[in-house]
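Just so you know, all these numbers are worked out from the coordinates, no wet-lab data involved. Worth saying up front: this structure is predicted, and the values here are computed from it rather than measured. Cβ sites come from the backbone with ideal geometry, for glycine too, and all protein chains shown count toward neighbours.
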Amino acid sequence: MSQEALHAGDVRKVYRSRGGPAIEALRGVSLALRRGERVSLLGRNGAGKTTFLRIASTLLIPTSGTIRVFDFDVVGEPEKVRPLIAVVPQEGKPFFHLTPREQVYCYLRARGIPREAAKARTEESLTKMGLEEVADRLSVTLSGGQKQRAMVATVMATEAPLLFLDEPTIGLDPFARRAVWDVLRDLTRKGSTVLLTTHYLDEAEALSERLYIVEEGRVLFEGRAEDAKRQIGGTLRVSIENGGPHRDLFESFGQTVAEGTSLNVITGPERIHEIMDLAFRNRLSATVGPVTLEEAFLTIVGRSIDEE
Amino acid sequence: MAFGLRWAGSGVFLATEIRVQLHEWLAIVTGTLTPGALLIFVAILAPDLLPVTLVGGLVYSMFLIGQRVLNEAAYIRIDHKLNELYHASPLSPEGYFVGIAGGMLVAYLPPSLVLLVILEWLHPLSLVAALALVGCLLAVWAVSSAIGYVVSTLFKDMKTIWPYSALLTNLFGILPPVFYPLRLVPMEWRALVLVVPTSAAAALVNAAAGLETLTRGETILAAGALALEAFVLFIFGIYWARRMARER
């Protein structure tokens, strides 16, 4: 068996609708996941993350290109791929008229997991996702976050070799998000591979061993979060309030990125004093901090991740 | 694996669907309201037609089960995205379709049994009539489930689907002679109504129970049409489920 859990080559997807323009959702995406890796697809809404995930999980047929999951072709051999994967769909909800315990257990049984193992995994998964207290309440009575956790618990409990999670922590509070991260780390320790889409930069940074930044159907960056930050030419960010109109003054110090009303200058420690001095002489307030993945994203993509 | 069909997990998914429906027991009970209301009218206005109305009520209830397949399949696809959870799993698309259809059948069958008990009390059925009833009801379920499932996949919004569900129910359950006897239909229309699955089923059961008279040709037409429609539509439902498991 291949050491790669997933290999995608030049995947393209064009959505055609009657009367409407063709939409090119993926424009030649190539990527690979090694076994046991946690990888994020990071991108703005509409970047093509979900389309890729749906193709990789056999739910959508690509216009061209190939994706192989554990060496099986997702287009030609979906019945061989499906036992090896599990998916948390974007905005997926559990059966409202099942309890989380029933939801997880029934799903495991439908996947062919024996009764006793299904029971044990159900309890373990519900506990890890902090759902013990509501495990026997109908999902319709749960909060949005609890429903989302029930969905994640359902898929986590499968312990499938390759897990696809489309925005799995949307609507979760910070504690629940961290619980999901812990479970994902635990699963990869046990040998599962995880591909998740997110537009939470902190999540991508905290959770992924590697990330792919996707924009308009193309991969613009592949590597670790640290590499992304390093790629933008500095380790520090000077944020100059209302600095936009003075951009030309600061361009010689490094990369400048507008963010709201601020102008961020990405630079090294050796130039900080000069920039601060220049800012104060122009009566501009400035703060210094480490470069974040957000700056890296802004620089690589040219737009903020929240920009529509 | 005849014809490449895979059924692993479909029994569990069927049981899941039954469990989901049983948590909504009020919906199951209210399923009997339409035939129940009609029975009251008929009992008051034309009590001699009660057995025919009861047979119609059973056929109509069975057709309604298929319409519940429509609503359930659309709901879990559009609102919950659970189709993606199941399609990206070892459960086959045909198992998914049959699981929903079978789950609805089992969950919504008990209220129909009430109608059957009343029918048996008012007009005891012979063995042949009982067998005809079971066969025809299963055929109506197969037709209605397949129509329901296919229609459920054609829309992206629940609100758009509701009128179609109501339209289908009225088109197949109320308009043709399901609740009223075939003899009230003009001769020139009889051949047409006998190829409509619901009225064909009602006519066949009524004839087997001695409540209606069908010529040999009419019997063959109704039975042939119903059997063919059930077989072809159910196979098409399976084909469609496999096709819909992967968007293009």
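Points worth noting:
- Fewest neighbouring Cβ atoms within 10 Å first, the residues A:His199, B:His87 line up as A:His199, B:His87.
- Our coupling estimate for region A:34-46, obtained by passing each phi through the Karplus curve with A = 6.51, B = -1.76, C = 1.60 and θ = phi - 60°, is 7, 4, x, 8, 10, 10, 10, 9, 10, x, 6, 4, x Hz, Gly and Pro reported as x.
- Taken residue by residue and averaged, Cβ atoms of other chains lying within 10 Å of the Cβ of B:77-83 number 5.
- Between B:Asp48 and B:Val134, the FRET efficiency from the beta-carbon distance, with R0 = 25 Å, is close to 0.50.
- By average C-beta atoms within 10 angstrom, highest first, the peptides A:171-178, B:88-95, A:68-75, A:150-157: A:150-157, B:88-95, A:68-75, A:171-178
- Between A:Arg178 and B:Ser126, the simple spin-label model (points 7 angstrom out along Cα→Cβ) gives 7.7 nm.
- Within a Gaussian network of chain B (alpha carbon springs, distance under 10 Å), most fluctuating of B:Thr53, B:Thr30, B:Thr169: B:Thr30
- Computed over region A:89-179: relative contact order in percent, which uses C-alpha pairs under 8 Å that are six or more apart: 39
- Centroid-to-centroid separation of region A:70-135 and region B:17-41 [C-alpha atoms, Å]: 30
- Over 20 Å between alpha carbons, listed pairs A:Lys93/B:Lys156; B:Lys81/B:Lys156; A:Lys49/B:Lys81; A:Lys13/A:Lys147; B:Lys81/B:Lys159: A:Lys13/A:Lys147
- If R0 is 51 Å, the Cβ-Cβ spacing of B:Ala37 and A:Ala117 corresponds to a FRET efficiency of close to 0.55.
- Average beta carbon contacts from partner chains per residue of A:101-110, 10 Å cutoff: 5
- Peptides B:102-109, A:104-111, B:197-204 ordered by average Cβ neighbours within 10 Å, highest first: B:197-204, A:104-111, B:102-109
- Peptide-level mean, for A:67-79, of C-beta atoms on other protein chains within 10 Å: 1
- Compared with the alpha-carbon gap, the fully stretched path from A:Ile61 to A:Ser17 is longer by 14.3 nm at 0.36 nm per residue.
- 10 Å binning of all Cα-Cα separations within region B:2-244, expressed as whole percents from 0 upward: 8, 32, 35, 19, 6, 0
- Normalised per residue, the volume of the convex hull around the Cα set of chain A (Å³): 161
- Estimated inter-spin distance, A:Asp73 and B:Asn170, nm [label 7 Å along Cα→Cβ]: 5.0
- In region A:1-41, a dipole from Cβ-located charges (positive for Lys and Arg, negative for Asp and Glu) runs towards its positive end, and of A:Val29, A:Ser17, A:Leu41 it is A:Ser17 whose Cα lies farthest in that direction.
- B:Asp79 versus A:His273: modelled label distance in nm, points set 7 Å from Cα along the beta carbon direction: 6.6
- Relative to one another, the C-alpha centroids of region A:1-50 and region B:70-136 are positioned 39 Å apart.
- Shown in residue order for region B:198-210 are the 3J(HN,Hα) couplings computed by the Karplus curve 6.51 cos²θ - 1.76 cosθ + 1.60 at θ = phi - 60°: 5, 6, 5, 4, 4, 5, 5, 5, 4, 5, 5, 8, x Hz (x for Gly and Pro).
- 222 nm mean residue ellipticity, helices alone, for chain B (DSSP H n ≥ 4; -39,500 (n - 2.57); rounded to 500): -24000 deg cm²/dmol
- For A:Phe221, nonlocal amide neighbours, meaning residues 5 or more places apart or on other chains whose placed amide H falls under 5 Å from its own, are A:Ile213.
- Between A:Glu4 and A:Asp227, the FRET efficiency from the beta-carbon distance, with R0 = 22 Å, is close to 0.60.
- Relative to the current alpha-carbon distance between A:Asn45 and A:Asp136, full extension at 0.36 nm per residue lengthens the span by 29.3 nm.
- Nonlocal amide H pairs with A:Gln255, under 5 Å, H built at 1.01 Å: A:Ile266
- Burial ordering of B:Ser145, B:Ser61, fewest other beta-carbon atoms within 10 Å first: B:Ser61, B:Ser145
- For the protein assembly as shown, the Cβ-based charge dipole about the Cα centre amounts to some 840 debye (Lys, Arg positive; Asp, Glu negative; other atoms uncharged).
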